[in-house]
1. Restricting attention to segment 19-51, report how many residues are within 18 Å of residue 72 (Cβ to Cβ) and either open to solvent by less than 50 Å² (accessible area, probe 1.4 Å) or in contact (Cβ under 8 Å) with a residue 60 or more places away in the chain (or both).
2. Determine the pairs where a residue that is farther than 10 Å from residue 39 by Cα, located within segment 52-72, has a partner that is small (Gly, Ala, Ser) and surrounded by fewer than 12 Cβ atoms within 10 Å (Cβ to Cβ) with Cβ atoms under 8 Å apart, the partner being 6 or more residues away or on another chain.
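The values are calculated or read from the model by the stated rules, or taken from the named source; none is laboratory data. Small disclaimer: the values here were computed from a predicted structure and weren't measured. Here the Cβ is made from the backbone with ideal geometry for all residues, glycine too, and neighbour counts use every protein chain on show. For the accessible areas, the whole protein counts, side chains as well, though only heavy atoms, and no ligand, DNA or RNA atoms are used. Shrake-Rupley method; radii C 1.70, N 1.55, O 1.52, S 1.80 Å.
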Amino acid sequence: MPSVSANDLDLNSSEAIRVNLEKFPGERVTLSLIGGGELQGVVSKIGTTALYITELTGKEFFDAVVRLDHISAITIKMRNK
């Protein structure tokens, strides 16, 4: 589980997707894409315009590079019951 709390998230930045993803290196996330698809995997590397995500669910032998401006939401497990 990440050591980041909801209070640590930046919701006001014009680059909120990138800024918040940088807080979860090595964590499993689900990315909702603007086109309607989803990708679930591990945050590996974040650049200024793209994200490298590894260990894709359902595609374990594949990785992906995703443009940050194509991500509409990030789902992250923040707590247990």
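1. 16
2. From segment 52-72, the pairs are 70/35.
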